[in-house]
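Q: The structure is given below, and queries will be raised subsequently.
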Amino acid sequence: MINSFLQKYNLIFAQPFWLWLLLLIPVYLVLRGQWRKKNDSYWLISNLPQKFVTKVPLKIRLRPILQVLRTLTLIGIIIALARPQKTDSKRNIDAEGIDIMLSIDISGSMMDKDFEPNRLEAAKKTMKEFVQGRTGDRMGLVIFAGESFTLCPVTLDHSILLQQISILQSDMLEAGTSIGNGLASALNGLRSSDSKTKIIVLMTDGVNQPAIGLNIKPDEAIEMAKLYQIKVYTIGIGSQGKALRPTPQPDGSVVDVLADVEIDEVLLQKIAKETGGEYFRATSNTSLDEIYSEIDKLEKSKVEMSAYYQYEDVFYWFLIPALIILVLELLLRYTYFRTITEE
C-alpha cells in the first residue's frame, strides 16, 4: 500500500533515516497504555460495572481521541523530517542528424503505369513515408528532367518538404533526363552543410539524356561527390521489359502505349559504388518501399539520450496537516477536555 502511494505520486525521501522513528510510536503507545491503566481515570472507569459506566460523562469517554490526534501529529512530523520529494524525470534526446537530399526524376516516363497508379505517384508516396520517419534529419528535394531545380533546400521543417513532394508533376521541367544535373544540384545543396553525414538518394527511370544547354556530366558530378564526401544511393525505378506510357496524340487525346523500360543501371551502379553508397532496382511498389526502408536502416542518426530528474520538496504535504491536527488537539485539550485531570 505504501509502495503504491509512493509510486503513484513519484515520491522519494531525501532523509529516510528519520522514518526509523516511526517504529518507536507503537512502543510509545503500548507503554502509555500500560501507564494509563494504572493512573488514568478513563481506564479506572472502564473497569467499573456496566451500569455505572453508562453514567460516565461523554467527554471522558471521548478522551482517547486526544491520543489519536497526538499520534497522527507525530507521524506527520516524522514524515516531514524525512523530506519527501516529488520526482519529475525528463529525458533529453540529442540527435546528431543526417543531411539528406532527395533527387527525383520527374520526366514524362515517370508517368508509366508499371507502378500503381504510376511511377511518380508511387515514388511520392514512398518518399513521404521516408521523410516522416526521419524526424531528426534535415532533408531537401531536387527535381530533374532535362534540367534540374532545387525545390526545397535542406530543412528540419518536414511539413514544407512534404508539401513540395505532394505537388510534384511530370511537366514541371523541360523534357529529358539529366542525371548529371540532378546529382550536381543535390550536391550543391549539401556542400556547405556542417553535418558529419551527408547523403543523396537519387531516383530515375531512364538514361542520361540532358536538354540542350549547361549540363553537368555524371562523371563530373561523381568527382564532386567524392570531393565533398557525400554518399549517393541510387534507385532505378521501372519494371523489366515494357510498360504502359500515357502518350499524347495529334487529336489531343492521351493513349497508353507500350514503351521499353530503359534504365542506365551501369551509370547508377557506378555513382553509388564510387561515392560509397548502394544501387537498388525497384520493379514494383512493394520493392520501392523496401528499398527506402533499407536505406533508412543503413543511415541512422546518432541519438544520445540523457535522463535528468527534478526534485520538488513536498514535506508540507505532511507537515501542514500535522500542525492542523496538533492545533485541533490543543484546542480540544484546553477547551472541551480542560476540566479532566491531565496526567
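The values are calculated or read from the model by the stated rules, or taken from the named source; none is laboratory data. What you see is a predicted model; the values in this text were computed from it and never measured. Methodologically, a virtual Cβ is constructed for each residue, glycine included, from the backbone with ideal geometry; neighbour enumeration extends over all protein chains shown.
Q: Given the structure, is Leu162 in contact with a strand residue (DSSP E or B) (Cβ under 9 Å, 6 or more places away or on another chain) and not basic (Lys, Arg)?
A: No.
Q: Looking at segment 166-212, which of its residues are without any contact (Cβ under 8 Å) to a residue 60 or more places away in the chain and either closer than 18 Å to Lys125 by Cα or not assigned by TED's automatic domain parsing to the domain that holds Leu120 (or both)?
A: Within segment 166-212, Ser166, Ile167 qualify.
Q: Still on this structure: Look through Gln163, Gln169 and report the one residue that is within 25 Å of Val261 (Cα to Cα), surrounded by fewer than 16 Cβ atoms within 10 Å (Cβ to Cβ) and out of contact with any Lys or Arg (no Cβ under 7 Å at 6 or more places or on another chain).
A: Going through Gln163, Gln169 in turn, just one is within 25 Å of Val261 (Cα to Cα), surrounded by fewer than 16 Cβ atoms within 10 Å (Cβ to Cβ) and out of contact with any Lys or Arg (no Cβ under 7 Å at 6 or more places or on another chain): Gln169.
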